[in-house]
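Colleague: Got a structure for you, questions after.
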Amino acid sequence: MLFPKKKIELEEGDYYLTPEGYKCFTEQYHLKRGYCCESNCKHCPFGFNKKTNSQEK
């Protein structure tokens, strides 16, 4: 059974908009979320490496 994910309220510094208009989540947001989503995020503080499919930190 899957548990619903808790909703994290966005605050200033949690993301910025790219020139294309996409939200890019910052390290601050990822740390608040508390886990790695394994999507190779630009600011991942957990060190996920998509090539090796593992966390390096």
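Quick grid of which residues meet (1) of a type in the set (G, A, S); (2) on the phi > 0 side of the Ramachandran plot; (3) under 9 Å from the mean Cα position of the chain (by Cα):
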residue	(1), (2), (3)
E11	no, no, no
T18	no, no, no
Y22	no, no, no
Y29	no, no, yes
N40	no, yes, yes
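Colleague: Identify all residues within the range 35-45 that are out of contact with any His (no Cβ under 7 Å at 6 or more places or on another chain), surrounded by 13 or more Cβ atoms within 10 Å (Cβ to Cβ) and not acidic (D, E); write none if there are none.
Modeller: Just the residues of the range 35-45 that are out of contact with any His (no Cβ under 7 Å at 6 or more places or on another chain), to begin with: 35-40, 42.
Filter once more, so that each one left must be surrounded by 13 or more Cβ atoms within 10 Å (Cβ to Cβ): 36, 38.
Answer for the range 35-45, where residues must be out of contact with any His (no Cβ under 7 Å at 6 or more places or on another chain), surrounded by 13 or more Cβ atoms within 10 Å (Cβ to Cβ) and not acidic (D, E): just C36.
For every residue, the table says whether it meets (1) out of contact with any Cys (no Cβ under 7 Å at 6 or more places or on another chain); (2) at pLDDT 95 or above; (3) not hydroxyl-bearing (S, T, Y).
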residue: P4; (1), (2), (3): yes, no, yes
residue: K7; (1), (2), (3): yes, no, yes
residue: L17; (1), (2), (3): yes, yes, yes
residue: E20; (1), (2), (3): yes, yes, yes
residue: C24; (1), (2), (3): yes, yes, yes
residue: E38; (1), (2), (3): yes, no, yes
residue: F48; (1), (2), (3): no, no, yes
residue: T52; (1), (2), (3): yes, no, no
residue: Q55; (1), (2), (3): no, no, yes
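Colleague: Can you tell me which residue is modelled with the highest pLDDT among those in the range 26-36 that are touching a strand residue (DSSP E or B) at 6+ places or on another chain (Cβ under 9 Å) and part of a loop (DSSP other than H, G, I, E, B)?
Modeller: Per the stated criteria, the residue is T26.
The values are calculated or read from the model by the stated rules, or taken from the named source; none is laboratory data. Owing to the predicted nature of the structure, the values given are computational and were not obtained by experimental measurement. Heads up, the Cβs are rebuilt from the backbone with ideal geometry, glycines too, and the neighbour counts pull from every protein chain shown.
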